[in-house]
Amino acid sequence: MQEMESKSQTDPILTEKAAAIAEIARCFYQRGWVLGTSGNFSSVLSREPFRLAITSSGIDKGLIDAVNILEVDEMGSVVSGTARASAETLLHVEIARRRGAGAVLHTHSIWSNILSEASADQGGIEISGYEMLKGLEGIQSHDEREWLPILENSQDMAALSGVVGETLDRFPACHGFLLRRHGLYTWGRDLAEAKRHVEIFEFLLVVIGRTRELNGRS
């Protein structure tokens, strides 16, 4: 990690973003949303050329530090750092470009896995009527409808990033999506907004799941 440490010492933007990403990852680990090495998080460093700060692969999110954050380009190739980038880096790049997002966060919570399977046949989950929806950027009322698409998971990241791009084009108002039996992806203009979106979605997924349990629905 010597190269990454050297680069971070001379690049204040990377230093700041790496520390913030690591802090969010540890926070989400404590909340049970990214146990073990699951999940990945990123923040855009620049648009031209495109550079992304992203968590390296195989890192325990409860132990992650700033030195575990890599810099990658638009192809997902590591520009700074000696570790391997997350296999899902191309998904982060696709979201950042399609949505103009400044940060992309991906969690592996229990309820995102359960509901992504339970609602897979419907192609997504419709959420409305909850006050917490107003925590999603641009939503002004609990009466507004949020559609959370569910995509089939794949190990072919090039193909999956294409599906993600098509989904974002098809549902331009959505703030996130679920990968089936995998987890939640959401984003924001910066890390703070993306973090808030994760908190809102994870809250809503628990409420929806628990409500279905109480009503005897699968």
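Find all pairs meeting these conditions: Cβ atoms under 9 angstrom apart; at least six residues apart or on different chains; first residue within segment 57-84 and in a strand (DSSP E or B); second residue of a type in the set (Ser, Thr, Tyr) and surrounded by fewer than 16 Cβ atoms within 10 Å (Cβ to Cβ).
The qualifying pairs are LEU70/THR82; SER80/SER6.
Which residues, counting only those in segment 27-55, are over 19 Å from ASP190 (Cβ atoms) and crowded, with 22+ Cβ neighbours inside 10 Å?
Passing the criteria: TRP33, VAL34.
Report those strands (runs of 3 or more DSSP E) wholly inside segment 113-218 carrying at least 2 residues which are under 14 Å from ARG99 (Cβ atoms).
176-179, 183-188
Which condition number does ALA20 fail, the rest of (1) over 14 Å from the mean Cα position of the chain (by Cα); (2) part of a loop (DSSP other than H, G, I, E, B); (3) touching a residue at least 40 places away in the same chain (Cβ under 8 Å) being met?
Single failed check for ALA20: (2).
Suppose the filter is touching a strand residue (DSSP E or B) at 6+ places or on another chain (Cβ under 8 Å), surrounded by 13 or more Cβ atoms within 10 Å (Cβ to Cβ) and among the aliphatic types (A, V, I, L, M); does ILE139 pass it?
Yes: the conditions hold for ILE139.
Is segment 95-116 home to any residue that is closer than 22 Å to LEU205 by Cα and charged (D, E, K, R)?
Looking through segment 95-116, none of the residues is closer than 22 Å to LEU205 by Cα and charged (D, E, K, R).
State all residues of segment 36-53 that are more than 19 Å from LEU179 (Cα to Cα) and without any contact (Cβ under 8 Å) to a residue 60 or more places away in the chain; if no residue qualifies, say none.
VAL44, LEU45, SER46, ARG47, GLU48, PRO49, PHE50, ARG51, LEU52, ALA53
Return a yes/no flag: does segment 86-108 have any residue that is β-branched (Val, Ile, Thr), in a strand (DSSP E or B) and under 20 Å from SER154 (Cα atoms).
Taking every residue of segment 86-108 in turn, at least one turns out to be β-branched (Val, Ile, Thr), in a strand (DSSP E or B) and under 20 Å from SER154 (Cα atoms).
Could we say that HIS106 is surrounded by 20 or more Cβ atoms within 10 Å (Cβ to Cβ) and out of contact with any His (no Cβ under 7 Å at 6 or more places or on another chain) here?
In short, yes.
Pick from ALA173, ALA158: which is closer than 24 Å to ARG47 by Cβ and modelled with pLDDT under 95?
Sole residue among the options that is closer than 24 Å to ARG47 by Cβ and modelled with pLDDT under 95: ALA158.
On the given criteria, is TRP33 under 30 Å from ALA173 (Cβ atoms), in contact (Cβ under 8 Å) with a residue 12 or more places away in the chain, assigned to a helix (DSSP H, G or I) and in contact with a helix residue (DSSP H, G or I) (Cβ under 7 Å, 6 or more places away or on another chain)?
Against the criterion (under 30 Å from ALA173 (Cβ atoms), in contact (Cβ under 8 Å) with a residue 12 or more places away in the chain, assigned to a helix (DSSP H, G or I) and in contact with a helix residue (DSSP H, G or I) (Cβ under 7 Å, 6 or more places away or on another chain)), TRP33 does not qualify.
Count, please, the residues in segment 114-165 that happen to be farther than 29 Å from VAL93 by Cβ and among the hydroxyl-bearing types (Ser, Thr, Tyr).
Residues in segment 114-165 being farther than 29 Å from VAL93 by Cβ and among the hydroxyl-bearing types (Ser, Thr, Tyr): 3 in total.
With at pLDDT 95 or above and out of contact with any His (no Cβ under 9 Å at 6 or more places or on another chain) as the only criterion, which of TRP147, TRP187 stands out?
Only one candidate passes the filter, namely TRP147.
Evaluate segment 115-128: report whether one residue or more is surrounded by 15 or more Cβ atoms within 10 Å (Cβ to Cβ), in contact with a Gly (Cβ under 7 Å, 6 or more places away or on another chain) and at pLDDT 95 or above.
yes
State yes or no: is ILE54 β-branched (Val, Ile, Thr) and under 19 Å from VAL164 (Cα atoms)?
yes
The values are calculated or read from the model by the stated rules, or taken from the named source; none is laboratory data. Predicted model only: the values in this text are computed from it and were never measured. Cβ atoms come from the backbone with ideal geometry, glycine included; neighbour counts cover every protein chain shown.
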